[in-house]
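The values are calculated or read from the model by the stated rules, or taken from the named source; none is laboratory data. Just so it is clear, the model here is predicted, and its values are computed rather than measured. Cβ placement follows ideal geometry from the backbone for every residue including glycine, while neighbour counts extend to all protein chains displayed. The accessibility values were calculated without ligands, DNA or RNA, using every heavy atom of the protein model including side chains. Shrake-Rupley method; radii C 1.70, N 1.55, O 1.52, S 1.80 Å.
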Amino acid sequence: MISVEEARAHLFSLVSAIPPETVPLSEAAGRVLAQDVTAGRDQPPFAASAMDGYAVKAAEVELHAMFKVIGEAAAGRGFEGKVGAGQAVRIFTGAPVPSGADFVVIQEDIDRREDLITISADPGGRSNIRPAGVDFRSGDTVAAPRLLSPEDVALLAAMNIADVPVTRKPIVALISTGDELVMPGETPGPDQIIASNTFGLKALLERAGAHVRMLPIARDTVASLKTAFELAGGADLVITIGGASVGDHDLVASVSAELGMERSFYKVRMRPGKPLMAGRMGNAAMVGLPGNPVSAMVCGYIFVLPMVRAMLGLPKTSPAPQTARLGKDLTENGPREHYMRAIFRDGEICALSDQDSSLLSVLARANALLIRQPGDPARMAGETVRYIALPD
Ligand code: AMP
Ligand code: MG
C-alpha cells in the first residue's frame, strides 16, 4: 500500500496538459488560459477625464479664476481644438482631454453663466485625468496558465482579445458499477439503491473545468463492464466507481487488466478510499474509485481534482491544507491517513461523530476534511490540526 502523496505523484505521472483550443471571449470564464495573451493597445488609449467638469490649464487653476467655455468633449467624441489661456472645454468622464489642457475642475466646483465659468470652490490638487496607458500598455501580457476569472475576462476584453486560447476541457468518462444501482428518478427494486456518486463527481469535476460524460451503469458482469469501457472511448480520463475491492463481484481490476490497463498502483494507505487503483488504458488515464459514496467523493477531491487541474495545464499541486484549532478531542488514528468529515466554524474545527464512509448526509453537512497522519496520537481540544476546506 502506498501513501496518499505517493498515490498523487503516480496519478500526476499518468496525465499531462491537454492541447489548447480557441474559444470566443464570452465563453472563456472558468477556462484555463493556455498561452500568454498580449494587449495590442494602451488603455486608456489617450489621457482621459475621470470626472464630469471643465478641462483647463493646471497653471491657471485657482479659486475664483474665470474661463471662457469654447467647446465640449464627451466620451467617444473628443474636442478637436486646443485649449488656450483663459479657456475651458466642457468635459465628461471618459472623454479625451483636449490638447492644451492638463486639469479637469469637477463641475461641483464651478459656477457657470452662459459661456463663462468661475472656480467657486477649492478644486484641490488632483488633476482628475487618467494618463494614457495607466491601466495597461500595448505589449503587456496576461500569463498562462491561468484559470480565467470574470475579472480576467473583463481585462482580456479591454485588451481587445476576442478569441482566447484555452486548454480544451478534459473529457472524463464516469462509470458507476453495480447490480444494486439505478439512476435517480427510476424506481429501485427492493434490493436496490440509487446511484449517487456519479452525480456528485460530475458536479465536482465540471466545476473544476472538465467535460463529464456519464455512462450507463455497468452491471457486475464482465460483458457489461467491457461495454462500459468501450463507451468510454475518446475520454482523456476514465473513472470507474465501485467494484474495486476483491469481492466476487468486484470486476474492475480484472476487466481493466484484460483490456490492457497498465496498472500504476492499487490501494492507498488512506481512509476513506483504500481500494483505489489507477493506470493508463489506451490513450486515457484510468482511475478506479471505491464505491462507498463518501470514499468516492473524498477521492474525487484528493486525487481526481488535482489530475483534472494538471490536464488543464495548471500546476501539479496537492490541495493545500490549512490549520485550525481543534474544538473536540480525537482518539488515536489508525494506520491510514484519515480524512475526517468535519465542521470548521469561527476558527475551530470539530470532526463529526459518525465517520462511516457510506454516509452522504454527514459528508453534505461537513465543510472540511480534517487530516490525520497514520498513527497520529490522540489529540486534545485546543491543539492545532490540518484540514482541507470543502468549497461551498
Ligand atoms: P463496491 O465497491 O462496488 O463494493 O461498493 C461499495 C459500496 O458502495 C456498496 O454499498 C455499493 O452499493 C455502494 N456504491 C457503489 N457504487 C455506488 C454509486 N455509484 N452510488 C452509490 N453507491 C454506490
Ligand atoms: Mg459493487
Query raised in the report: Which one is farthest from Glu62 (Cα to Cα) among residues in segment 140-172 that are exposed (fewer than 14 other Cβ atoms within 10 Å of the Cβ) and in contact with a Ser or Thr (Cβ under 6 Å, 6 or more places away or on another chain)?
Result: Asp163
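Among Asn292, Asn283, which is the only one that is modelled with pLDDT of 95 or more and either touching a Gly at 6+ places or on another chain (Cβ under 6 Å) or within 27 Å of Thr167 (Cβ to Cβ) (or both)? Can you show your working first?
Details: Asn292 fails: either touching a Gly at 6+ places or on another chain (Cβ under 6 Å) or within 27 Å of Thr167 (Cβ to Cβ) (or both).
Of the residues listed, the single one that is modelled with pLDDT of 95 or more and either touching a Gly at 6+ places or on another chain (Cβ under 6 Å) or within 27 Å of Thr167 (Cβ to Cβ) (or both) is Asn283.
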Report task. Look at segment 292-328 and say how many of its residues are among the polar types (S, T, N, Q), within 26 Å of Pro275 (Cβ to Cβ) and more than 16 Å from ligand 1 (Cβ to nearest atom). Result -> 2
Report summary line: Selection from segment 71-97 of residues β-branched (Val, Ile, Thr) and touching a residue at least 40 places away in the same chain (Cβ under 8 Å) yields Ile91, Thr93, Val97
**Report entry** Hey, Val268 crowded, with 16+ Cβ neighbours inside 10 Å and near ligand 2 (Cβ under 10 Å from one of its atoms) or not
**Finding:** no
Report summary line: The residue from Val182, Val142 that alone is among the β-branched types (Val, Ile, Thr) and more than 16 Å from ligand 2 (Cβ to nearest atom) is Val142
Requested in this report: Could you tell me which residue of segment 191-222 is farthest from Ala364 (Cα to Cα), considering only residues that are away from ligand 1 (no atom under 14 Å from the Cβ) and open to solvent by 30 Å² or more (accessible area, probe 1.4 Å)?
Outcome: Val222
Report summary line: Within segment 288-322, residues open to solvent by less than 10 Å² (accessible area, probe 1.4 Å), more than 23 Å from Gly375 (Cβ to Cβ) and more than 16 Å from ligand 2 (Cβ to nearest atom) come out as Gly300, Val304, Pro306, Met307, Val308, Ala310, Met311, Leu312
Requested in this report: Please go through segment 332-366 and pick out each residue that is touching a residue at least 40 places away in the same chain (Cβ under 8 Å) and either out of contact with any helix residue (DSSP H, G or I) (no Cβ under 9 Å at 6 or more places or on another chain) or of a type in the set (D, E, K, R) (or both).
Outcome: Glu332, Asn333, Gly334, Pro335, Arg336, Glu337, His338, Arg341, Ala342, Phe344, Asp356
Report task. Would you point out the residue of segment 223-245, among those that are closer than 30 Å to Pro315 by Cα and near ligand 1 (Cβ under 9 Å from one of its atoms), that is surrounded by the most Cβ atoms within 10 Å (Cβ to Cβ)? Result -> Ile241
Query raised in the report: Regarding Asp179, is this residue in contact with a Lys or Arg (Cβ under 9 Å, 6 or more places away or on another chain), near ligand 1 (Cβ under 10 Å from one of its atoms) and open to solvent by 20 Å² or more (accessible area, probe 1.4 Å)?
Result: yes
**Report entry** Failed item, numbered, when Tyr266 is tested on (1) without any contact (Cβ under 8 Å) to a residue 12 or more places away in the chain; (2) more than 11 Å from ligand 1 (Cβ to nearest atom)
**Finding:** (1)
